[in-house]
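Note sheet for the following structure.
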Amino acid sequence: MKTQYHWDLYREIIKYSTKYGKQQNSSWTIISDEQTFIVMGNLRKILLTFGDSQQSLILGRTFSKRNLLSYLFPWNIYKTILPEAGIVFSRKALEDMTNDKCFGWLSPRATERALVQCGSLMNVQLIDPIDKNQSFYWYSDEALSFGNLNYRGHRVLDFTITRIKVFGY
């Protein structure tokens, strides 16, 4: 999602999700694409640890991006979030992200950077959750989501999660 068009589209999705979430009285909202596989059991467990959706929280896979110049000039490092892996918003975070302060001429073009910038501007807490072994949930046995999968990958993951049990557990 590298263009201004994609960020505008993502903004509209957030606005629609806010409006629809109020009608449905939902606490948490997942925004992802058709190539994302979400492990609902693990997601429910992690959302129970955060509890109240009245906190302004975004859960997603975050990382710091660097380029060649960032090794010489460290201020060129920036944090991004990976929309392809699915992003979970609390109700309060969705409401905060629809604020017009987030969108203007100086907003980043890339969706990944714009979400982080808008979140920090609106005091939304951006969380990349970790498990009990101090590894990120996206890489652990308790993974929350997998992104950029084709239909076959979805089927394999569904079969693996629902049918295969590790001996001893």
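The values are calculated or read from the model by the stated rules, or taken from the named source; none is laboratory data. The structure displayed is predicted, hence computed values, not measured ones. Please note: Cβ atoms are built from the backbone with ideal geometry, for glycine as well, and neighbour counts cover all protein chains shown.
A few comments on the model shown:
- Matching residues, the stretch 118-169, being modelled with pLDDT under 80 and outside any loop (DSSP other than H, G, I, E, B): I130, F136, Y137, W138, Y139
- Cross-chain or 6+ apart pairs with Cβ under 6 Å, the stretch 52-63 first and at negative phi, then in a loop (DSSP other than H, G, I, E, B) and among the hydrophobic types (A, V, I, L, M, F, W, C): S56/V124; I58/V124; R61/L82
- Residue satisfying condition, being out of contact with any Lys or Arg (no Cβ under 7 Å at 6 or more places or on another chain) and more than 16 Å from V88 (Cβ to Cβ), within set K65, K45: K65
- Residue in the stretch 30-48 that is touching a Pro at 6+ places or on another chain (Cβ under 6 Å) and not aromatic (F, W, Y) present: yes
- For the stretch 13-51, filtering for residues that are among the β-branched types (V, I, T) and touching a residue at least 60 places away in the same chain (Cβ under 8 Å) leaves 7.
- Condition broken by K79, with the remaining ones in (1) free of Cβ contacts under 8 Å to residues at least 24 places away in the same chain; (2) farther than 20 Å from D8 by Cβ satisfied: (1)
- If the condition is being of a type outside the set (V, I, T) and farther than 20 Å from T18 by Cα, then the stretch 68-83 contributes L68, L69, S70, Y71, L72, F73, P74, W75, N76, Y78, K79, L82.
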